1. Run down B:A193, B:A241 and say which single residue is surrounded by 22 or more Cβ atoms within 10 Å (Cβ to Cβ), within 16 Å of ligand 3 (Cβ to nearest atom), within 16 Å of the chain's Cα centre (by Cα) and within 19 Å of B:L26 (Cβ to Cβ).
2. Looking for whichever is on the phi > 0 side of the Ramachandran plot and free of Cβ contacts under 8 Å to residues at least 40 places away in the same chain here; the options are B:G33, B:G25. Which one fits?
3. Go through the range A:70-93 and report how many residues are outside any strand (DSSP E or B) and out of contact with any helix residue (DSSP H, G or I) (no Cβ under 8 Å at 6 or more places or on another chain).
4. Which of the residues belonging to the range B:131-185 are in contact with a helix residue (DSSP H, G or I) (Cβ under 9 Å, 6 or more places away or on another chain), outside any helix (DSSP H, G or I) and more than 16 Å from B:G117 (Cβ to Cβ)?
5. Using the structure shown, decide if B:M243 is within 16 Å of ligand 5 (Cβ to nearest atom), outside any helix (DSSP H, G or I), within 12 Å of chain A (Cβ to nearest Cβ) and at pLDDT 90 or above.
6. Can you find even one residue in the range A:284-305 that is open to solvent by 50 Å² or more (accessible area, probe 1.4 Å) and at the interface with another protein chain (Cβ under 10 Å from one of its Cβ atoms)?
7. Within the range B:124-144, track down each residue that is more than 17 Å from B:S106 (Cα to Cα) and without any contact (Cβ under 8 Å) to a residue 24 or more places away in the chain.
Amino acid sequence: MTVSQVSFGTHEAVLEVKDLTVKYVGDTRSTTAVDRVSFSIGTGEIFGLAGESGCGKSTIANSLMRLLKHPARISGGSIRFGGKDVLAMSPEELRRFRWQDVAMVFQSAMNSLNPVLTIGEQITDIYTTHAGYSRKESLRRAGELLELVRINPVRLKSYPHQLSGGMRQRAVIAMAVALKPSLLILDEPTTALDVVVQQEIMAQIKELQHELGFSVLFITHDMSLMVELSHRMAVMYGGRIVETAKAADIHTNPQHPYTQALMGAFPPLTGPRVPLTGLPDGVKFRNIPDLAEVSPGHYVAPFGAELLETGALEGATR
Amino acid sequence: MSSTMTGAAAPAAGVEAGPALEIRGLSKTFPIGGLFSRKAVRALHDVDLSLGRGEIVALVGESGSGKSTLARCVARLEKPSAGEILLDGVDVLKRDRFQASREYRSQLQMVFQDPFGSLNPAHRIEHFLRRSLAIHGKAGTAAAAQARLEELMATVGLQPDMLNSYPHELSGGQRQRVAIARALAVEPQVILADEPTSMLDVSVRIGILNLMRKLRDEQGISMLYITHDLASARYLADRTAVMFAGELVEEGESLDLLANPAHPYTQLLVSAVPDPARAGSYDPVRRAELRAAVMSPASCAFDGDPEQPCSAEHPVRHRVGAPENRHWVRCHLYRPAAGSAGHALAEAKVS
Ligand SMILES: Nc1ncnc2c1ncn2[C@@H]1O[C@H](COP(=O)(O)OP(=O)(O)O)[C@@H](O)[C@H]1O
Ligand SMILES: Nc1ncnc2c1ncn2[C@@H]1O[C@H](COP(=O)(O)OP(=O)(O)O)[C@@H](O)[C@H]1O
Ligand code: SF4
Ligand SMILES: [Mg+2]
Ligand SMILES: [Mg+2]
């Protein structure tokens, strides 16, 4: 029995996002970065959000954490976490909500470590301030945490610049799970990481998830990884969700042309070398309609020739 | 010991006998800790690697394994602690002792991971390419230079009118193409590309790999493609070399290496590549078992600590499979049986 089968048993939503719309308001014009996006994440579920850069993934993640800064503005929709209205939380509620209820690993997190403190000092800080452990206990846990992400605990004494980028990112991921949040948001956490570490971190997260039942919002543009690790996933394009379904269904039966092209951009690890083209330049979808259910649990935004700009998908391989 | 393999290497079809670049016994140690600390990180240890003419070799391995250090040493951005770097048979560390000469930089160019950091935002694209041409004396007349700029843009798949754009007006993939065009401007024989696609979007990545392949096929440029993505190494590279804790542990023809990984570490790497066929059924227990098997101290002591010796006796290279695959592994498991001992390179015991 795999963890996924266990944790996917009940679908009690821990997070519910409805019609979320986020704009970046400029002096002359504003961009709608997230456009009427709805999804929910079940308890213990790994939900993937895929799509190329600029499609609005990080904006969604930042909205969930209430970390959006000027000029971003949530102009519509709702976010509920464990039944609570996240958009209505007071600063005091938010302080607890962030990092203890929901933790996030940012895209460029490995550069967010404090350069003048050792890795050990930074991890110990989390335990002493947020969990109230003694310094000694915090240090012991900090060592364990590093081992969890395969960093030798001697590195507790290292400064961030003395670690390679991968090690820094691993340290940051370890710090995010330190307080065992119930929702972990990972915004392209493995973009700079090698496969073994990536797999181990995800395996580790799944193990912890099995134990504690937390959920994961996993953002990436690596379709192979996402399909393997997520229970359900959504594919975004230009601020809209174009397809959402069980990850296995997206893999075997992608419906939207954009999803199909994205799935086709990964070289296989077996078989002959086949030339790939990825997404051809100039493909554009516009006025993406609301999702329609094409089979149970599989939703696709209707598409037709009129929705594509010229040049469309010729050359895109599957 | 660096000689064990060279004699056995069969030149691939279409590759001239002498390699374009040959790295011998390259080592690099970084001090860590404080000013007075004696601790050091051994980033590279005794690396031998060659790049045939018109050949793409992938260098794969986890982050921290020393891939960038290798590229930086070869590009002479970092001073190696020991070793030789032969370009066209000339030992460049002896020839230009203190820094890379202009000649060297016009023979060998590097493309970095971050196409954002390497282009000054204040200048138009034209500026970067023109300066590259000028520094290396390839500019010629104004008309010739203009024609060359447009040719470079076409080669990397960009519209010539983009010469007037600023870096921020370009997408990541387009900027990486500019970085490649800038490297090409000096007409190098060798390009070292350090994770050139890892910061780019998926769709654009394949395009960059296809561009690199085109440069190999059409211009015969030799390339070292550094990546942590085994699937892309297999897609692009003729040969693939695997680095673990600063050492090369396995090398071979790419398809053969990925189909028949011999070193426990390579096996682990290959098994960790995400496989959509496992959708939704990822099993951490199975993964942990696999890891434990590979990492068990009884068979292997590599634990990510570069200071940890692989075992008491340093393993040497052993051949894997047919000689034409040029596939070797550095691991005691492939040591020939006791009777035939004494050969550094021997047929692999296929288990
Ligand atoms: N601070 C900002 N000001 C203006 N526009 C922004 C800002 N941040 C993001 N955007 C725009 O919002 C869109 C979505 O961005 P983002 O959420 O970062 O996408 P992703 O994470 O999928 O790459 C993009 O078109 C981007 O240009
Ligand atoms: N300037 C430096 N000072 C100290 N250690 C370094 C330095 N540069 C790299 N290292 C160490 O060398 C090892 C190899 O790093 P690197 O070549 O960047 O690996 P990769 O490119 O494979 O991720 C790592 O352990 C890293 O911490
Ligand atoms: S030589 Fe020994 S320790 Fe090294 S990889 Fe082979 S079996 Fe493992
Ligand atoms: Mg983002
Ligand atoms: Mg590197």
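1. B:A241
2. None of the other options fit; the residue is B:G33.
3. 9
4. Those that are in contact with a helix residue (DSSP H, G or I) (Cβ under 9 Å, 6 or more places away or on another chain), outside any helix (DSSP H, G or I) and more than 16 Å from B:G117 (Cβ to Cβ): B:H136, B:G137, B:K138, B:A139, B:G140, B:V156, B:G157, B:L158, B:Q159, B:S165.
5. Working: within 16 Å of ligand 5 (Cβ to nearest atom): yes; outside any helix (DSSP H, G or I): yes; within 12 Å of chain A (Cβ to nearest Cβ): yes; at pLDDT 90 or above: yes.
Considered against the rule, which asks whether it is within 16 Å of ligand 5 (Cβ to nearest atom), outside any helix (DSSP H, G or I), within 12 Å of chain A (Cβ to nearest Cβ) and at pLDDT 90 or above, B:M243 comes out as yes.
6. no
7. Start the filter on the range B:124-144 by keeping residues that are more than 17 Å from B:S106 (Cα to Cα), which leaves B:124-127, B:141-144.
Within the range B:124-144, B:H127, B:T141, B:A142, B:A143, B:A144 qualify.
Here's the yes/no breakdown for (1) exposed (fewer than 14 other Cβ atoms within 10 Å of the Cβ); (2) away from every other protein chain (no Cβ under 14 Å); (3) closer than 24 Å to B:P31 by Cβ; (4) within 16 Å of ligand 1 (Cβ to nearest atom):
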position	(1), (2), (3), (4)
B:S68	no, no, yes, no
B:C73	no, yes, yes, no
B:E84	no, yes, yes, no
B:Q99	yes, yes, yes, no
B:V111	no, yes, no, no
B:A134	yes, yes, no, no
B:A142	yes, yes, no, no
B:R148	no, yes, no, no
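The values are calculated or read from the model by the stated rules, or taken from the named source; none is laboratory data. Here the structure is a predicted model, which is why all the values come from computation and not from measurement. No Cβ is skipped: glycine too gets one built from the backbone with ideal geometry, and neighbour counts run over all protein chains shown. Heavy atoms of the whole protein, side chains included, go into the accessibility calculation; ligands, DNA and RNA do not. Shrake-Rupley method; radii C 1.70, N 1.55, O 1.52, S 1.80 Å.
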